[in-house]
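These notes concern the structure reproduced below.
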Amino acid sequence: MHCGFHITHGGAILPDCIFCKIIAGEIPSQRVYEDEHVFAFRDIAPQAPVHILVVPKEHIASAAELKPENSHIAAKCLEITAQLAKSEGLGGGFRVITNSGPDGGQTVFHLHFHLLGGRPLGAGLINNG
Ligand code: AMP
């Protein structure tokens, strides 16, 4: 099931989940891939020449919610991420990131993997902000 519930974040009540709406086609997106379980689209504020969000269709709030029953969905997302890296020409390398929770910098509470590439990204893991 996609998210039909409200999510509390920083005191704000979000009326619905933006990524569930994108998957449902209620909000437009630049879709690059879709199958039964996975949806991928270009990030609206790209941080690199290629910046794609790979998202499970099932609403899972974050990586913190992964467990034996649903971890195969995350594995499928990573498999598609590798496929997209090839089709986007990222043979020189790429980065995959998932932010989890407020301290992890997550802003949309529907699990997603950022696929970033198209330029040298450097060796750093975090941007101390
Ligand atoms: P995070 O901060 O890790 O939760 O990532 C959320 C990402 O979603 C950010 O990189 C945003 O730029 C991206 N984003 C938010 N709204 C949209 C949208 N409507 N279409 C595409 N990307 C979006």
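Tabulated results
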| item | result |
| --- | --- |
| ³J(HN,Hα), Karplus 6.51/-1.76/1.60, whole Hz, each residue of the range 52-62, x for Gly, Pro | 10, 9, 10, 10, x, 5, 5, 6, 10, 5, 6 |
| Residue-wise HN-Hα coupling along the range 20-37, computed from phi with Karplus coefficients 6.51, -1.76, 1.60 (Hz; x: Gly, Pro) | 4, 5, 5, 4, 6, x, 7, 10, x, 8, 8, 5, 10, 7, 7, 9, 4, 10 |
| Alpha carbon convex hull of the range 79-123, projected area averaged over orientations, nm² | 3.8 nm² |
| Gained length - H72 relative to I126, 0.36 nm times residue gap less alpha-carbon distance | 16.8 nm |
| Normalised convex hull volume, the range 17-117, alpha-carbon set, Å³ per residue | 96 Å³ |
| Relative packing of 55-62, 23-30, which averages over residues the other C-beta atoms within 10 Å, highest first | 55-62, 23-30 |
| R119 versus E34: modelled label distance in nm, points set 7 Å from Cα along the beta carbon direction | 3.1 nm |
| Chain lengthening between I27 and A82 when straightened (0.36 nm per residue, less Cα-Cα) | 17.2 nm |
| Whole-Hz ³J(HN,Hα) from phi, Karplus 6.51 cos²θ - 1.76 cosθ + 1.60, for the range 99-113, glycine and proline x | 8, 10, x, x, 5, x, x, 6, 10, 10, 8, 9, 3, 8, 10 |
| Neighbour-count ranking [beta-carbon atoms within 10 angstrom, fewest first] of V96, V54 | V96, V54 |
| For V38, residues with placed amide H under 5 Å, excluding near neighbours | K57 |
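Values quoted throughout were computed directly from the atomic coordinates according to the rules given, and no laboratory measurement underlies them. Just so we're clear, the structure is a prediction, and the values are computed from it rather than from any experiment. In this analysis, Cβ positions are derived from the backbone assuming ideal geometry, glycine residues included, and neighbour counts consider all displayed protein chains.
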